[in-house]
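Data first, discussion second: the structure below is written as structure tokens.
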Amino acid sequence: MSKRILITGAAGFIGSHLAEKLDGLGVIPVGIDNFDDYYDRRYKELNLKHVSDNTQNFKFFEDDISNTETLTKILKDESIDLVVHLAAKAGVRPSFKDPISYMGTNIEGTYYLIEAMKQANLKKLVFASSSSVYGKSKLTPFSELDPLKEMISYYAFTKKSGEDLCRFIHNIYEFDIAILRFFTVYGPRQRPDLAIHKFLKKAINEEEITLFGDGTMARDYTYVSDTVQGIYKACLHVLNNKNIYDTFNLGNSYPVNLKELVEAIEKVTGKTIKKSYQEVPEGDVPITYANIEKSKKVLGYNPEVKLEDGLQRFYNWMIENQIETF
Ligand SMILES: NC(=O)c1ccc[n+]([C@@H]2O[C@H](COP(=O)([O-])OP(=O)(O)OC[C@H]3O[C@@H](n4cnc5c(N)ncnc54)[C@H](O)[C@@H]3O)[C@@H](O)[C@H]2O)c1
């Protein structure tokens, strides 16, 4: 019998890719999303159109993860075997403007989702966390065993709290859980607030880009198909094991600094980009860099896409879908 997986945040960037991947592997993906207004609904409608065009069995519900009653019904009616919880307010800088709503979605929302799972007697969960929980730690590459004492944003705090909530739920209610720390995921459908999306769009439109700091800030950019491969492998890990609570870094383990990134974008777009410089905003960490040894060993995770190739695919998608006009 095919496994049935509920993806929260399925209309978003990573969730929509995951739905396609699962469907292609014979897993039945069921999605839920409330079209949170953090960014334009048009992007999410486009994401869902791609998913419905490219899947056989995808089913979607427009709803909020805080709606425990409806969620319990969906989990039961759809006979869900596991939940991948991606729905969140994502984004570091905006979390300083509205910390309460971040806590509402990322902590309380996770609580309500887990309540629904308890009521539906479903105890298998994959939780999306973030490299931002490592904060300004200098212990590179970041390991899952690091003490996590260096967070510098409300967003990071809410993700770490989500992890802690999962840990407690595992301890007391015996849920099987994998915590996945994603590292700056990019590729087609990437959120419009993220650097590569903005830079590509501005390069196409021949507009100036703003760089923060002196160009040495570095990110462990991970192509979305690699992240999604890791999520799928984590699903198998949770489905096939009992009494587990495991944390995994899903990065590329190859940090690239801002200057190198912009050069790579110039190469892909064939444009010379005008740049201005500003101070590093509150909450932005100097580097993200994943140690992925545990993910390789336990999950068989293996990131494959090089930055140049990933950027080329992202650029092609932008042009094909005229995203620069959005
Ligand atoms: N993209 C990255 O680089 C990155 C890095 C680290 C962690 N993450 C985490 O991965 C997950 C997915 O990120 P993404 O980049 O795809 O973001 P995204 O914003 O594209 O997707 C999240 C989706 O969740 C939905 N959502 C928000 N609140 C909801 C609610 N209350 N009920 C139902 N749906 C709700 C949104 O409408 C959105 O479609 C998030 O948890 C994010 O924190 C992403």
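Exactly one residue out of Leu180, Leu148 is closer than 23 Å to Asn34 by Cα and either touching a helix residue (DSSP H, G or I) at 6+ places or on another chain (Cβ under 9 Å) or crowded, with 18+ Cβ neighbours inside 10 Å (or both): that is Leu180. Consider segment 178-191 and keep the residues that are in a loop (DSSP other than H, G, I, E, B) and within 9 Å of the ligand (Cβ to nearest atom). The one that is farthest from Tyr134 (Cα to Cα) is Arg189. Report whether or not Leu113 is buried (at least 21 other Cβ atoms within 10 Å of the Cβ), at pLDDT 95 or above, over 19 Å from Lys159 (Cα atoms) and over 15 Å from the mean Cα position of the chain (by Cα). Criteria not met by Leu113. Within segment 231-253, identify whether any single residue is within 28 Å of Leu46 (Cβ to Cβ), more than 12 Å from the ligand (Cβ to nearest atom) and surrounded by fewer than 23 Cβ atoms within 10 Å (Cβ to Cβ), and answer yes or no. Yes; the residues of segment 231-253 include at least one that is within 28 Å of Leu46 (Cβ to Cβ), more than 12 Å from the ligand (Cβ to nearest atom) and surrounded by fewer than 23 Cβ atoms within 10 Å (Cβ to Cβ). Of all residues in segment 273-299, exactly one satisfies the criterion of being surrounded by fewer than 19 Cβ atoms within 10 Å (Cβ to Cβ) and in contact with a Lys or Arg (Cβ under 6 Å, 6 or more places away or on another chain), namely Pro281. The criterion of at least 2 residues that are within 15 Å of the ligand (Cβ to nearest atom) and under 29 Å from Met1 (Cα atoms) is met, among helices (runs of 4 or more DSSP H) falling completely within segment 37-144, by 41-54, 68-77, 109-119. In the set (1) near the ligand (Cβ under 8 Å from one of its atoms); (2) at pLDDT 95 or above, Gly31 fails one condition alone, (1).
The residue that is nearest to the chain's Cα centre (by Cα), counting only those in segment 145-157 that are part of a helix (DSSP H, G or I) and more than 9 Å from the ligand (Cβ to nearest atom), is Ala156.
The values are calculated or read from the model by the stated rules, or taken from the named source; none is laboratory data. Every value quoted in this text rests on a predicted model; they were computed, and no experiment measured them. As a convention, Cβ positions derive from the backbone with ideal geometry for all residues, glycine included, and neighbour counts pool all protein chains shown.
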